[in-house]
Each structure stands twice: as C-alpha cells, then as structure tokens.
Amino acid sequence: MKVVHTVEELRDQLRGQLRIAFVPTMGNLHDGHLALMAMAHQHGDPVVASIFVNRLQFGPNEDFDKYPRTLADDIAKLQAQNKVYVLFAPNEQELYPEPQNYRVQPPQDLGDILEGEFRPGFFVGVTTVVLKLFSCVQPRVAVFGKKDYQQLMIVRNMCRQFALPTEIVPHETVRDADGLALSSRNRYLSEAERREAPRLYRLLQQVRERLHRGEADVARIEHDAQRELTAAGWKVDYLSVRRQRDLKAPTHDEVVARLPLVVLAAAKLGTTRLIDNLEI
Ligand code: AMP
C-alpha cells in the first residue's frame with residue numbers, strides 16, 4: 001500500500017485508472033471501516049481509502065480536537081488487510097487551500113433535519129469534503145456505511161445533482177456481538193456506559209417489531225422508545241420513524257400500507273453522542 005499526502009502524489013499513483021473504488025474515512029479504523037474496504041475491493045480496482053478529520057463538519061463545541069487520530073495504527077490495519085492500494089491522507093492545506101472557502105450546500109429538506117437539526121452545518125461539511133475528495137480520487141464507485149444513513153442519502157443526492165460519474169454503494173452497519181454499531185466514538189465510553197450502549201439498538205429493534213406487528217401509532221411508538229432511553233440516563237436528540245425514500249415522516253396511511261421506513265436515532269450517553277438506525 002502506498003501512503004500519499006498530496007493531490008499530486010495521488011494523481012501520479014492513479015494515472016489512467018478507470019475502475020477506482022473509494023472509501024473515505026476520518027480514520028481510527030475499526031472492523032466497520034475494514035468491511036467497507038473489502039466491499040470496495042469487490043466493486044472496483046484499485047481501492048483507494050482516505051483518512052481526513054474534516055474540521056468543517058464539526059460544530060464549535062464538538063469533538064474535533066479530541067477526535068482520535070491513529071494514523072500509524074490505521075496504516076498497519078490496512079496493510080494487514082491488504083485490500084487498499086493507495087491511502088490518501090491529506091493535510092488541511094491540501095483540501096482547503098487558503099483563502100478560498102467554496103461550500104456545497106445540501107437542500108434544507110434533507111440537510112437541516114435529524115442530524116442536520118442537531119449539528120448545524122454538519123452536512124455542508126460532509127458534502128463539501130466528499131466533493132473535494134471525489135475530485136481528487138475520481139472514483140467510479142464509492143462505498144458508504146448505512147450507519148450514517150442520512151449522510152449516505154445526501155451524498156447520493158449530491159452525485160445525482162452534480163451528475164458525478166461515481167456510483168454510491170451502501171454497506172450494512174457493522175455491529176459488535178451485543179448489537180452496538182461500531183464507531184470511532186465508542187472509545188469515549190466508560191465501562192459502565194459501554195454496557196449500557198447496546199440499549200439504543202435494542203430499542204430500534206423494538207420499534208421495528210411493533211411496526212411489523214401492525215401497530216400504526218408511530219408517535220406513541222417513538223415516545224415509548226424515547227422515554228425508555230431517557231429513563232436509562234440518555235439524553236435523546238431524536239428517535240424518529242421516517243420514510244426511506246426521503247426521510248420525511250410517514251402518514252398514517254403509509255404506515256398501514258407498509259411503505260419502506262427507517263427508524264433513526266441520536267442520543268448522548270454521558271458526553272458521548274451515539275447514532276444508529278434500522279430499516280423497516
Ligand atoms: P467515519 O470514519 O466515521 O467518517 O466513517 C467512514 C465511513 O465508514 C462512512 O461511510 C461510515 O458510514 C462508515 N462506517 C462507520 N462505522 C460503520 C459501521 N459500524 N458499519 C458500517 N459502516 C460504518
């Protein structure tokens with residue numbers, strides 16, 4: 001695996017390649033990220049991964065400074081896995097050369113709801129960096145995790161809007177044995193919080209079961225799950241059942257007609273904010 005830090009070195013490595021499969025990450029790689037690399041390997045060749053902690057997608061009071069940066073360990077994991085041909089690890093100057101500050105603005109009805117409501121500016125950060133990275137790498141396919149469900153949808157939408165020649169391939173959420181979705185932020189959890197954390201996924205499963213059984217009072221189902229989280233000491237940002245196709249709230253008739261839905265949640269355990277979702 002070649003590790004490159006500049007766009008110029010990246011271009012040198014990739015000249016003439018037409019079937020590039022790309023996996024952008026913020027590093028601190030875990031088995032979820034590695035599963036995306038393996039999937040990329042099935043969809044194209046060569047596989048390019050990136051590691052860049054994107055300041056623009058962090059709010060002023062969020063964890064940009066303490067976000068885990070473990071480049072040497074990440075390189076060792078990728079080398080052991082042997083699926084990635086080039087790792088692109090640019091610095092900020094390389095992706096955000098001064099003094100320009102171009103931005104990609106997602107539509108409000110997708111970018112300002114759910115995660116966007118609680119993390120203002122987050123999706124501007126995501127779409128801006130993803131467009132820049134796509135421009136650097138010029139991939140034919142890119143793999144994104146369903147763990148970040150709204151992000152996946154917004155990136156897909158951006159590709160369609162800008163007619164980018166990159167196909168977005170989703171990967172299922174990779175979980176620990178107890179159901180907790182793997183995340184770089186899980187390392188912030190204390191031992192007690194780590195034992196509590198799987199409740200989030202268990203509640204999403206309960207929401208799905210109630211809907212599968214034919215219950216149609218979505219507000220009540222959401223409320224019950226939120227209340228249980230709160231009672232267990234979580235601070236809930238949202239836990240909401242939405243339509244898969246546009247993340248809008250379903251009508252009663254749509255719930256009864258079993259339109260494809262997804263339940264999405266974000267909640268804080270202590271100081272650690274976890275997100276998860278489940279398709280229904
Ligand atoms: P991040 O490093 O958190 O920006 O994530 C990079 C990519 O890995 C994104 O497409 C995420 O959705 C994906 N990802 C992170 N955690 C998981 C997971 N547990 N399962 C599947 N994909 C994941």
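The values are calculated or read from the model by the stated rules, or taken from the named source; none is laboratory data. Just so it is clear, the model here is predicted, and its values are computed rather than measured. No Cβ is skipped: glycine too gets one built from the backbone with ideal geometry, and neighbour counts run over all protein chains shown. Heads up: the accessible areas ignore ligands, DNA and RNA and are worked out on the full protein's heavy atoms, side chains in. Shrake-Rupley method; radii C 1.70, N 1.55, O 1.52, S 1.80 Å.
When Phe88 is tested against (1) of a type outside the set (A, V, I, L, M); (2) within 13 Å of the ligand (Cβ to nearest atom); (3) open to solvent by less than 30 Å² (accessible area, probe 1.4 Å), exactly one condition is not met: (2).
Here Ile275 does not fit the description of being in contact with a Lys or Arg (Cβ under 6 Å, 6 or more places away or on another chain), surrounded by 14 or more Cβ atoms within 10 Å (Cβ to Cβ) and either among the β-branched types (Val, Ile, Thr) or at pLDDT 95 or above (or both). Taken together, Ala232, Ala219, Ala192, Ala225 contain a single residue that is within 24 Å of Pro68 (Cβ to Cβ) and open to solvent by less than 70 Å² (accessible area, probe 1.4 Å), which is Ala192. Restricting attention to region 187-211, the residues being within 16 Å of the ligand (Cβ to nearest atom) and charged (D, E, K, R) number 2.
Only one of the numbered conditions (1) open to solvent by 40 Å² or more (accessible area, probe 1.4 Å); (2) more than 16 Å from the chain's Cα centre (by Cα); (3) not aliphatic (A, V, I, L, M) is violated by Arg55, and that is (2). Of the helices (runs of 4 or more DSSP H) entirely within region 93-186, those holding at least 3 residues that are open to solvent by less than 40 Å² (accessible area, probe 1.4 Å) and either within 16 Å of the ligand (Cβ to nearest atom) or aromatic (Phe, Trp, Tyr) (or both) occupy 122-137, 149-161. Among the residues of region 247-257, the ones that are over 17 Å from the mean Cα position of the chain (by Cα) and either within 15 Å of Gly116 (Cα to Cα) or surrounded by 13 or more Cβ atoms within 10 Å (Cβ to Cβ) (or both) come to 5 in all. Of all residues in region 69-85, exactly one satisfies the criterion of being part of a helix (DSSP H, G or I), of a type outside the set (Asp, Glu), over 21 Å from His43 (Cβ atoms) and open to solvent by less than 40 Å² (accessible area, probe 1.4 Å), namely Ile75.
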